[in-house]
Amino acid sequence: MSSSSPPHHTTAVPSRHLPPPPSGQRKQQLRSEPTMLPCLLSLLLLAGAAAGVQGHDDAAARRTMEEFAGFPASNDGEGGRASPLRVDSDSLQRQIDELASFSDSPAPSVTRVLYSDRDVQARRYIKGIMKQLGLSVREDAVGNIFGRWVGSEAELGAVATGSHVDAIPFSGKYDGVVGVLGALEAISVLQRSGFQPKRSLEVIMFTSEEPTRFGISCLGSRLMAGSKELVQSLKRTVDNHNVSFVDAADSAGYKIHPDDLHNVFLNQDAYFAFIELHIEQGPILEKEGIPIGIVTAIAAPASIKVEFEGNGGHAGAVLMPARNDVGLAAAELALAVEKHVLESGSIDTVGTVGILQLHPGAINSIPSKSHLEIDVRDVDEKRRNDVIEKVHKSAIDISKIRGVELSEFKIINQDPPALSDKSVINAMEFAAKQLSLEYKLMISRAYHDSLFMASISPMGMIFIPCYKGYSHKPEEYASPEDMANGVQMLALTMAKLSLE
């Protein structure tokens, strides 16, 4: 569903740096040339990776700029021409590679778990870049990192962007990272253009978007959004090595008193808008040859833990009619999850049994305990909750029919979906059209920190293609030109919102 038409003047974008894997290459994108504008903000309307320069109608460009900036465009005294500015793709890729070296697993995989030594190194690296850009840097009690470019009207709500840099075991180096380092490059693009923000611009590196260590996804942004339940949970949460959250934070240099966690909460008016740049983590954009995705909604995730208990016994000695097999109960429930999801009738409803464990786990032993963890998502909260209710009913029915005990059916989290704000969507569409980038309105079925930022401020997301849709694996890849498109989109969107 493309919403913009190709420009009249285009040039092929050359492939630069780290060519994509040999198979599955998508068609080369066409990009408009940098628009030459005679005012301070003219450099925001460029397509920086283009090889040549072609001018556009100055009058049309001036009208566009006046609408954007809110004041008449004027000549700069030197023929009304400004030098084009490009995203520094070499620097961005180098930073991504350097950040990937802070890993507890060998390249090309990346493992960077919350409050580990590698996580601390990554945090230090990000703060260093923020300081190089002259941003005002601060951290909250759990280590959310904020780098602010103070605007001319600093009392107004800031325009924020950002993502995360923690990585699940043996994953890739682009998930989240593009949204942090790409955001910092977007700030650098605006600074080099001579842009002066009215509203402050802020880059956020969120703590622990991944649930790897404590089983809590989007920990930092959940707290920022004011989750009182999470505050209570973190006071007693431990990891697989029985290390408490407070002790783990202390080892990383964050001296947390449990009462300090409330200080992470943000007010509703803390930000004017929030935009997150991210790889799609799916194959749609690459498959359709579209360089930009504008996210309209983020699917609401729900996580469920289920346990069945039975008698167990010897695999040879207990005859089939006498068994209470919790392994089969778990398998039956897993199939029920699939059945109920498909019955919803919506392509947006998805369900996954990501964990299924049997105890004692011996080939010659009938399982006496089974443990499942189920993920159900949908952009429609009621439809998702209906699926959860049906899964619960199936678990009860299965336990009765098989003569086993349903010892636990616990909903761990049941987050609401998030809709992108119309004002942010409009700003993103404006940016795409100015940059002559074809885009697709789409849903994010993966959750992101934006899901929780939506409860603090108007929210939007920009997706860029990734190779075969791969993510959370070493083969994860985004091309330099696609990242440059995303950075330019983000820079122009932030600039527009900053001036509102």
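If you go through the stretch 401-431 and keep only what is free of Cβ contacts under 8 Å to residues at least 24 places away in the same chain and within 17 Å of Glu389 (Cβ to Cβ), you end up with nothing.
The single residue among Ala252, Ala183, Ala273, Ala248 that is at pLDDT 95 or above and in contact with a Pro (Cβ under 7 Å, 6 or more places away or on another chain) turns out to be Ala273. On the given criteria, is Gly220 in a loop (DSSP other than H, G, I, E, B) and small (Gly, Ala, Ser)? Here the answer is no, as Gly220 does not meet what is asked.
For the stretch 443-500, what are the residues that are touching a His at 6+ places or on another chain (Cβ under 8 Å) and either more than 25 Å from Ala270 (Cα to Cα) or without any contact (Cβ under 8 Å) to a residue 60 or more places away in the chain (or both)? Scanning the stretch 443-500 gives Ile464, Pro480.
The set of residues in the stretch 123-154 that are part of a helix (DSSP H, G or I) and β-branched (Val, Ile, Thr) comprises Ile126, Ile129. Filtered by the rule that a residue be open to solvent by 70 Å² or more (accessible area, probe 1.4 Å) and farther than 19 Å from Gly327 by Cα, the stretch 371-409 gives Glu381, Lys382, Glu389, Lys390.
As a summary of the residue check, Thr296 satisfies the conditions (1) in contact with a Ser or Thr (Cβ under 9 Å, 6 or more places away or on another chain); (2) among the hydroxyl-bearing types (Ser, Thr, Tyr); (3) part of a loop (DSSP other than H, G, I, E, B) except for the one numbered (3).
Just one of the listed residues (Ile290, Ile304, Ile279) is open to solvent by less than 10 Å² (accessible area, probe 1.4 Å) and touching an Asp or Glu at 6+ places or on another chain (Cβ under 6 Å), and it is Ile290. Yes or no: Val120 over 21 Å from Gln488 (Cα atoms), aliphatic (A, V, I, L, M) and assigned to a helix (DSSP H, G or I)? Considered against the rule, which asks whether it is over 21 Å from Gln488 (Cα atoms), aliphatic (A, V, I, L, M) and assigned to a helix (DSSP H, G or I), Val120 comes out as yes. Residues satisfying the criterion are absent from the stretch 308-321 (criterion: open to solvent by less than 20 Å² (accessible area, probe 1.4 Å), assigned to a strand (DSSP E or B) and over 21 Å from Ile398 (Cβ atoms)).
Take the conditions open to solvent by less than 10 Å² (accessible area, probe 1.4 Å), in contact (Cβ under 8 Å) with a residue 60 or more places away in the chain and more than 25 Å from Met224 (Cβ to Cβ) and apply them to Leu92. Does it pass? Here the answer is yes, as Leu92 does meet what is asked.
The values are calculated or read from the model by the stated rules, or taken from the named source; none is laboratory data. Keep in mind the model is a prediction, meaning the values are calculated, not measured. All Cβ positions, even for glycine, are placed from backbone atoms using ideal geometry, and neighbour counts span all protein chains on display. These area figures cover heavy atoms from the full protein model, side chains too; ligands, DNA and RNA do not enter into them. Shrake-Rupley method; radii C 1.70, N 1.55, O 1.52, S 1.80 Å.
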